[in-house]
Amino acid sequence: MILKYSIQRLLMIIPVSLAISVVIFLIVHLLPGDPIDNLIRVGSSPEDRIALTAKYGLDRPLITQYFLWIGQIMTGDFGQAIVLRRPVADLIAQNLPYSLQLGGLAFLFSSIVGIILGVIAWASRNTWGEQLVKGFILLGSTVPGFWLALLMILLFAVNLGWFPVSGARDWTALVLPVLTIGFGGIALVARVTRVALLDVGKQDFITLLHAKGLSRTAILFKHLIPHALLPVVTILALRIGWILGGAVTVEFVFGRPGLGSLLIRALGQRDYPVVQGSLLMLALAVMIGTLIGDIAQAAMDPRIREATK
């Protein structure tokens, strides 16, 4: 049953991916400027510009360019970078491991700390502990990532000198970016965990367990947390894609290699194939995260599987 549901959800990615590819292509090509601006030399004639435009197929109708691009994508060919003059697939393969490393560590950090804070907020209801966690949740939900990154650099790198300002030389260069990306995730996971525990705690079976004399700790770990995991797992799965997307500005601020830095550099150069390939990879990450969340939900709750019959 799980296999059938998983296949159904996996097949849905195909039309969604095609729709997203259209949106990405149109947005990129409707931006002012084009990659020829970064290739043309000062003093070149209009004929030189026309020749370069024709060389890279930018003189063709947009619909023709789109079908040529999507046809390449379906064969595993992301095209050739116009400005960088390298295969886009090579550029993505070179930068993706850095983004996955940063995103994976930020995901683990925000998930573990977020769940712990959510449990603490639930366990310390109507006390200063709950108010402290709720204040942290509010702060983490409102602070922009790029602003927090600059603050982290100023405090821990410039003033204290504990960590490097930029680069990816060793593990110390990961600390500040992971904290920056994970901060907002902690707040989200903690809020969802707290609300889920409060909702489950109101169920009749929890009242019955208290009446039977079970300790609060046993009820929490054996019954409350397992039943509250469904919405938490869902939000954690969505975070897989969100973290890669959120790493775009953070990688750039910290001067780290990765999809984010590649995307921002390509945007400045209007290097269409690189921008399109990078955005498509980020969109796929979000869809894969959603797919993982749906499958996990179905595995944990049979009612979801029954609803899809």
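The values are calculated or read from the model by the stated rules, or taken from the named source; none is laboratory data. The structure presented is a predicted model; accordingly, all values stated were derived computationally and were not measured. Backbone-built Cβ (ideal geometry, glycine too); neighbour counts: all protein chains shown. The area values use the complete protein model at the heavy-atom level, side chains included, leaving out ligands, DNA and RNA. Shrake-Rupley method; radii C 1.70, N 1.55, O 1.52, S 1.80 Å.
Structure notes:
- The one condition from (1) free of Cβ contacts under 8 Å to residues at least 60 places away in the same chain; (2) outside any helix (DSSP H, G or I) that TYR66 does not meet is (2).
- Of everything listed in (1) modelled with pLDDT under 80; (2) in a helix (DSSP H, G or I); (3) over 17 Å from the mean Cα position of the chain (by Cα); (4) crowded, with 16+ Cβ neighbours inside 10 Å, the single unmet condition for GLY140 is (3).
- In the set PRO32, PRO15, only one residue is without any contact (Cβ under 8 Å) to a residue 40 or more places away in the chain, outside the structural domain of LEU280 (by TED's automatic domain parsing) and in a helix (DSSP H, G or I); that residue is PRO15.
- Residues (closer than 24 Å to VAL200 by Cβ and not hydrophobic (A, V, I, L, M, F, W, C)) located in the stretch 136-161: GLY140, SER141
- Qualifying residue in the stretch 255-269 (condition: modelled with pLDDT of 75 or more and more than 22 Å from SER99 (Cβ to Cβ)): no
- Those residues of the stretch 200-234 which are open to solvent by 80 Å² or more (accessible area, probe 1.4 Å) and not hydroxyl-bearing (Ser, Thr, Tyr), in sequence order: LYS202, GLN203, ASP204, LEU208, HIS210, ALA211, LYS212, ARG216, PHE221, LYS222, HIS227
- Among all positions in the stretch 104-122, there is no residue which is in contact with a helix residue (DSSP H, G or I) (Cβ under 8 Å, 6 or more places away or on another chain), farther than 30 Å from VAL195 by Cβ and either surrounded by fewer than 14 Cβ atoms within 10 Å (Cβ to Cβ) or assigned by TED's automatic domain parsing to the domain that holds GLY255 (or both).
- Pairs are defined by a Cβ separation below 8 Å, a sequence spacing of at least 6 or placement on different chains, a first member in the stretch 187-204 that is within 12 Å of SER111 (Cα to Cα), and a second member that is open to solvent by 30 Å² or more (accessible area, probe 1.4 Å) and in a loop (DSSP other than H, G, I, E, B); no pair meets this definition.
- VAL175, sole failed condition from (1) surrounded by 13 or more Cβ atoms within 10 Å (Cβ to Cβ); (2) farther than 29 Å from ILE292 by Cα; (3) modelled with pLDDT of 75 or more: (2)
- Candidates in the stretch 69-99 are the residues that are closer than 22 Å to ILE14 by Cβ and in a loop (DSSP other than H, G, I, E, B); of these, the one that is least open to solvent (accessible area, probe 1.4 Å) is GLY79.
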